[in-house]
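Each remark here refers to the structure printed beneath this line.
The values are calculated or read from the model by the stated rules, or taken from the named source; none is laboratory data. Bear in mind the structure is a predicted one, so any value in this text is a computation, not a measurement. Methodologically, a virtual Cβ is constructed for each residue, glycine included, from the backbone with ideal geometry; neighbour enumeration extends over all protein chains shown.
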Amino acid sequence: MGVLRVDELRKSYGDVRAVDGMSFDVERGELFGFLGPNGAGKTTTIRSLTGQIVPDEGTIDVLGTDPTTAPIETRTRVGILPEQATPPSFLTPREYLEFVGDVRDLDAVVVADGIDRWAERLGFESKLETLHTDLSRGQQQKVMIAQAFLHEPELVLIDEPLANLDPLVQEQVKQFLTSYAAADNAVFVSTHNIDVAADICTRVGIVADGKIVAERSVADETSDDLLETFLDHVDDANARDLPSLERDAIQT
Amino acid sequence: MSGAGTEVSRSTQSSKSSSVPGQRGGPGRQRGGSSLAGDGTNRLLFAALLREEWRLHTQLFGGERFLTFPLLIAVLAAGATVALVETGTAASTVVLGLHVLALGFGLYSGTAGFAGSSMLENVFGGLSLVLGTAATLPLSRRRLLGIFLVKDALFYAIVFVLPMATAAIPLGGVSATTPVDVATLWLSLSLVFAAGMTVTVALIALRTRGVPTWSLLALVAVAALASGVLGSASATLAAAQTLVVPQSASLPAGVGIAGATALVAAASLAVYDPTYGKPTRTAADQFARLRRLGDTVPDATGVNDPLVVKTLLDLSRSAGGVWKPFVSAGILLALVAALVGVVHEITGIEPAPGIFFGGVLGLSAFTTYNWLTQFDALESYLAYPVTIADVFRAKRTAFVLVGAPAVAVPYLAAVLWFEATLTDALVGAVLLAGFGLYYYGLTVYIAGFDPNEFLFDSVRFGQFTVGVAVALVPALVAGFVVVPPTPEVALALAGIGIGFGAIGAVLSSRAGPKWDEKYRHE
């Protein structure tokens, strides 16, 4: 059953077409990779999916809600980890997660339990009372991951989930995302990292010039295959500029 | 993974090697050695820092607007001097005032090199400064800081202090020696400015070695007190005046002050520990405590909203704490009180204090709102199931909670000090509340979540200025003309206060939908 359906989405900023005919869907149990270079339209799409901006054209269905007309209903149902987002500087992780639980109208006992569970899972138990401004970027990212999952949503939309995390935590997060999606939920991961997409996603949509240009089931492909598919569909300039480091890493 | 491993071993090898493959000069020929030492590099850094400073300002304010800034300072300095001298203020007092201003600006400017990136980003947006290249280039932080401070001293001595020195023209009159008078005042002011910077740098340097700032300030206070008690008070004052106004001292004394400043500056840089980091801050769970507290008051107040609690925690834990709005209102009070004094001295008229202070102190709504939005961005709330209107509503509640006591205290002080009549004080209180809410609504409606944009956006600044003038000017005129206010005038002004308060409430409630529309349909 589809949890996310996007049809012919379009969004322009002045003369720039950021999203231009985007269509895809995500089913329960899937960990969908939204793979593309910077500037391909990934962030604009996520902002449309969560009702942060209103698209020019197209339809979106998120767990039966329309984020364009009912953004609060959509954001109540899903978990969101925006690109480059950091938790409030002058709150501690415990206070911030209480704040998120409060805004999401969760039971205080459930929130307290969730805070302990997430802090242990991502290894920030000893930092629960430290102000975010004094935490490393990696520790802040852990807190942001925790806030996206605190209410155990059926669908989570994440922009670059592994940014700033150390290798050990990266592995833990990868395993968690995989198991979370497998438990009849869905996870939508936006990334420009082919390694990450190949490693954890069940299906990948390759984005270029504001639309999906190819879809692949990752189970049948190696990282090299995915890279070649990516390069085949992304224009030359982008292919040379952005994923070259990842290409080197995979090929060596 | 093997690729990554190869990269790591390569970089390790590079860092151990005395020569870097592909680097100009090859082994043993790196310019100036491994630390890029030498006068050439110092000049290069100085030029880069100076260019950066210039571009930072022209980018922020616009080239023409920044170029006219020194002219504006010159006009203000000369104009204020003329006004003060004409109203009987002694020339020496004006000169002392100018030096105190330069000293204060120097004390403030000394912090620039040490400001954290988050603080700078709050003010200027995303920035990457040459000062930060010590992290990526073989340049010591101490050396970069030294050149940065020299650059700052020279830059502001020209852009800010030199225009101030035009005050010498009305003080001495135009004659053949005018250029010398201006140059002398400029040197004297620049020296005090540099001394102020040096004092701040020295305090920060000592703090990086574990010496608390308060203990140093207490030491200075005790020394001043002791010299006043043990010695002659007049001698102490004379010594202080020599330090603050170098042009009043002899040439050797002036040279001595300059030399001492340079010595202290160099010593401070030597003492400064670039590895110093502020201790990590922890906090008990205040969010839950404040939420429990909020639950004890009726829902209609909006106090028990988590968005309000977050705003209050942001305010109380950022630098300056919850007192920032009180300090801003206090500064406004001091300025208005001085203005009342000057106006009284010039015209012989003293306004109705309740009406005058009530109208003007409401302006602190702008600074209070600025403090409440300084530490977060509207976009950050869009990950949660809240509307932009919810966020603005929470800010308004926080504004009332913080802003009301922040203006009530200075207002009470003013009406007591200036002995307002009861009617005048009551009308002033209504004006204060009404105008405060109006200025708040005006700010939120025009500037949304970024009140600082007033500083850089001439259109918004113009709208705000006109909006303020429409309310304030008639009230101030009435406050000057009818002293104390008659019952009719009092009623009319109270009505004006209530009316503008209502307009403010409407503006602030419409700000949410307006900015929601703007953000979602960008």
Using the structure shown, decide if B:V391 is in the same structural domain as B:D305 (by TED's automatic domain parsing), closer than 28 Å to A:Q84 by Cα and among the hydrophobic types (A, V, I, L, M, F, W, C). yes
Looking at the stretch A:67-99, which of its residues are surrounded by fewer than 24 Cβ atoms within 10 Å (Cβ to Cβ), facing chain B (nearest Cβ under 7 Å) and touching a residue at least 40 places away in the same chain (Cβ under 8 Å)? A:P82, A:A85, A:P88, A:S89, A:F90
Under 6 Å between Cβ atoms, at least 6 apart or on separate chains: pull out the pairs that start in the stretch B:275-292 with a residue that is facing chain A (nearest Cβ under 9 Å) and end on any residue that is part of a loop (DSSP other than H, G, I, E, B). B:R281/A:L131; B:T282/A:E129; B:A283/A:T92
B:T368 within 30 Å of A:G101 (Cα to Cα), in a helix (DSSP H, G or I) and more than 14 Å from chain A (Cβ to nearest Cβ): yes
Condition (residue is farther than 30 Å from B:V415 by Cα, modelled with pLDDT under 95 and in a helix (DSSP H, G or I)) applied to the stretch B:463-474: is it met by at least one residue? yes
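Quick grid of which residues meet (1) touching a Lys or Arg at 6+ places or on another chain (Cβ under 7 Å); (2) within 14 Å of chain B (Cβ to nearest Cβ):
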{"site": "A:F24", "(1), (2)": "no, no"}
{"site": "A:E27", "(1), (2)": "no, no"}
{"site": "A:E30", "(1), (2)": "yes, no"}
{"site": "A:L35", "(1), (2)": "no, no"}
{"site": "A:N38", "(1), (2)": "no, no"}
{"site": "A:T43", "(1), (2)": "no, yes"}
{"site": "A:L49", "(1), (2)": "no, yes"}
{"site": "A:I60", "(1), (2)": "no, yes"}
Enumeration of residues in the stretch B:384-393 that are buried (at least 22 other Cβ atoms within 10 Å of the Cβ) and among the aliphatic types (A, V, I, L, M): B:I388, B:V391
Need at least 3 residues that are within 22 Å of B:R520 (Cβ to Cβ) and among the aromatic types (F, W, Y) per element, so show me which strands (runs of 3 or more DSSP E) inside the stretch A:29-107 make the cut, counting only ones lying wholly within it. none
Subset of the stretch A:119-134 [crowded, with 18+ Cβ neighbours inside 10 Å and over 25 Å from B:R317 (Cα atoms)]: A:L122
Complete set of residues in the stretch B:293-336 that are of a type in the set (D, E, K, R) and either within 30 Å of B:A413 (Cβ to Cβ) or within 12 Å of another protein chain (Cβ to nearest Cβ) (or both): B:D295, B:D305, B:K310, B:D314, B:R317, B:K324
Scan the stretch B:424-445 and give yes if some residue there is without any contact (Cβ under 8 Å) to a residue 40 or more places away in the chain and either assigned by TED's automatic domain parsing to the domain that holds B:A365 or within 24 Å of B:P405 (Cβ to Cβ) (or both), otherwise no. no
Looking at (1) surrounded by fewer than 21 Cβ atoms within 10 Å (Cβ to Cβ); (2) among the polar types (S, T, N, Q); (3) touching a residue at least 60 places away in the same chain (Cβ under 8 Å); (4) within 19 Å of B:D314 (Cβ to Cβ), can you tell me which one B:T421 breaks? (4)
